[in-house]
Amino acid sequence: MKAKTITTMSAAMFGLAALAEAPSSSGWSYEPGSGISFSETPIVTAEFGVSFDSRYMTYGVIDGKDPIIVPGATATFFDWVYFGVEAIFDATKGNGKRGGYGNRAGKYTTLDTFVGIAHEFDLGETLGALGVDVGYMYEYMPRLDDEVGDTQYFTAELSLGDLWFEPTLAFERDIMADNGTYVNFEIGHTFELTESLTLRPAVGQGFGNSLRTKGYFSELEKVEGFDHGGLMDTTVRLDLEYAITDWLTFGAYIAYYDYLFDGNMREAAAAYNGEWGAGEDKTWNVVGGLSLTATF
C-alpha cells in the first residue's frame, strides 16, 4: 500500500475517533455500526462486505457451478438515499470454461452499480415498521465475442420486519435485456440465540412472467421456444449471524432451491442446470456461503 494511501486512511480513522470523542454539545457524533449523525439525525453510514458462495445461483438455477466471491460497498445518506457497487468474481476457472467465457478465475464476471431510496415508516403497534426500498441497478458484463451482456433493472421491496413472520415482497423488472418481471415473497423469523448470535429460517417463492422465463429458458434445446410464466424457484434457507463487534458481523447460510409447483418450469430448470455437466440435470440444489460485513 502506498504511503499516501496509509496517511489518508489514518487521517480518516483519526477524524472518526475524534468525532466519536467530541462533546455532545457540538451536535456531531460517530458510533461504530451506526455511522455519523448530527443532533441524532443520521447523516452517513458506510457498509463494506465480502461473501463466498459455493455456487452462483439466480432464480433458483445454476449460473455458475463453481464458487464465487462477491465484494460490495454501500453508502447511505440521511437514512433515505443509498449508493452502492457489487462485483462477482469467479473463484476458479471452472465457471468460465463451462459457461463459455473462458478462464476468469480471480477476475470479475459481473459488476453491479445501484442507487435507491430506502426508509422505514411506523404503521403503529400492530404492524410495526414498514420497510420500503425502491432502486435502480445497472449491470455490466465484460464483452464476449463482441456481444454486450449489460442490462438495467428497476427494483422494489416491502417488508414488515417487526411481525413474527417478517414478510418480504421483492419486485424486479429488467428494462434492457428482455423486459421480464420477477417477484419473490418470503416469510421467516429471526431467533436471538444470544446477545450477539441470531438464527433465521425462511421460505421464499418466486414468480416470473413469460418474458422473464423466456429470457432464461427459451434457447434450451429441450424446451426450445419456452415462453411460459408462472411459479419459479422455491427457497428454504437458514441464516446464522454473529456480531463480532458493534461494527463487524460474520454470517453463514445454507439454502435449498427447487422448482416444485409447475411441471413446465421443472422441465426448464432441469434442462438449464443440465447445461453445467453430467449429474446437474435436476431441479434442486443445495448451496451455502460465508460473509463478513463491516459497518461504519
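The values are calculated or read from the model by the stated rules, or taken from the named source; none is laboratory data. Worth saying up front: this structure is predicted, and the values here are computed from it rather than measured. Methodologically, a virtual Cβ is constructed for each residue, glycine included, from the backbone with ideal geometry; neighbour enumeration extends over all protein chains shown. Note: accessible area is taken over every heavy atom of the protein model, side chains too, but ligands, DNA and RNA are not part of it. Shrake-Rupley method; radii C 1.70, N 1.55, O 1.52, S 1.80 Å.
From the list Gly106, Gly99, Gly116, the one residue that fits, being touching a residue at least 12 places away in the same chain (Cβ under 8 Å), open to solvent by less than 30 Å² (accessible area, probe 1.4 Å) and either farther than 30 Å from Gly274 by Cβ or not basic (Lys, Arg) (or both), is Gly116.
In the stretch 237-278, of all residues being within 19 Å of Leu199 (Cβ to Cβ) and hydroxyl-bearing (Ser, Thr, Tyr), the one that is most open to solvent (accessible area, probe 1.4 Å) corresponds to Tyr242.
The selection criterion, being under 24 Å from the mean Cα position of the chain (by Cα), closer than 27 Å to Asn95 by Cα and in a strand (DSSP E or B), does not hold for Gly215. Just one residue in the set Ala202, Ala243 is of a type outside the set (S, T, N, Q), at pLDDT 95 or above and over 28 Å from Thr181 (Cβ atoms); that residue is Ala243. Would you mind stating whether Val70 is open to solvent by less than 60 Å² (accessible area, probe 1.4 Å), modelled with pLDDT of 95 or more and either part of a helix (DSSP H, G or I) or touching an Asp or Glu at 6+ places or on another chain (Cβ under 7 Å) (or both)? When the stated conditions are applied, Val70 passes them. Taken together, Ser54, Ser34 contain a single residue that is modelled with pLDDT of 95 or more, within 21 Å of Gly251 (Cβ to Cβ) and open to solvent by 30 Å² or more (accessible area, probe 1.4 Å), which is Ser54.
Flag not set for Val132, criterion: within 25 Å of Gly251 (Cβ to Cβ), open to solvent by less than 30 Å² (accessible area, probe 1.4 Å) and modelled with pLDDT of 90 or more. Per the conditions (1) touching a Pro at 6+ places or on another chain (Cβ under 6 Å); (2) farther than 23 Å from Ser37 by Cα; (3) open to solvent by 60 Å² or more (accessible area, probe 1.4 Å); (4) of a type outside the set (Ser, Thr, Tyr), the sole criterion not satisfied by Ala91 is (3).
Looking across the stretch 279-296, not a single residue is more than 30 Å from Ala73 (Cα to Cα), β-branched (Val, Ile, Thr) and open to solvent by 30 Å² or more (accessible area, probe 1.4 Å). Mind checking whether some residue in the stretch 158-171 is aromatic (Phe, Trp, Tyr) and touching a His at 6+ places or on another chain (Cβ under 8 Å)? Yes - at least one qualifying residue is present in the stretch 158-171.
On the basis of being of a type in the set (Lys, Arg) and either out of contact with any Gly (no Cβ under 6 Å at 6 or more places or on another chain) or without any contact (Cβ under 8 Å) to a residue 24 or more places away in the chain (or both), does Arg212 make the cut? Lay out the reasoning, then the answer.
Numbers: of a type in the set (Lys, Arg): yes; either out of contact with any Gly (no Cβ under 6 Å at 6 or more places or on another chain) or without any contact (Cβ under 8 Å) to a residue 24 or more places away in the chain (or both): no.
Against the criterion (of a type in the set (Lys, Arg) and either out of contact with any Gly (no Cβ under 6 Å at 6 or more places or on another chain) or without any contact (Cβ under 8 Å) to a residue 24 or more places away in the chain (or both)), Arg212 does not qualify.
Looking at the stretch 187-203, can you tell me whether even one residue there is assigned to a loop (DSSP other than H, G, I, E, B), out of contact with any strand residue (DSSP E or B) (no Cβ under 6 Å at 6 or more places or on another chain), within 20 Å of Ile254 (Cβ to Cβ) and touching a residue at least 12 places away in the same chain (Cβ under 8 Å)? Checked against the condition, which is being assigned to a loop (DSSP other than H, G, I, E, B), out of contact with any strand residue (DSSP E or B) (no Cβ under 6 Å at 6 or more places or on another chain), within 20 Å of Ile254 (Cβ to Cβ) and touching a residue at least 12 places away in the same chain (Cβ under 8 Å), the stretch 187-203 yields at least one hit. With the condition kept exactly as written, say whether any residue in the stretch 253-267 is assigned to a loop (DSSP other than H, G, I, E, B), in contact with a Ser or Thr (Cβ under 7 Å, 6 or more places away or on another chain) and closer than 19 Å to Gly64 by Cα. Yes, that holds for at least one residue.
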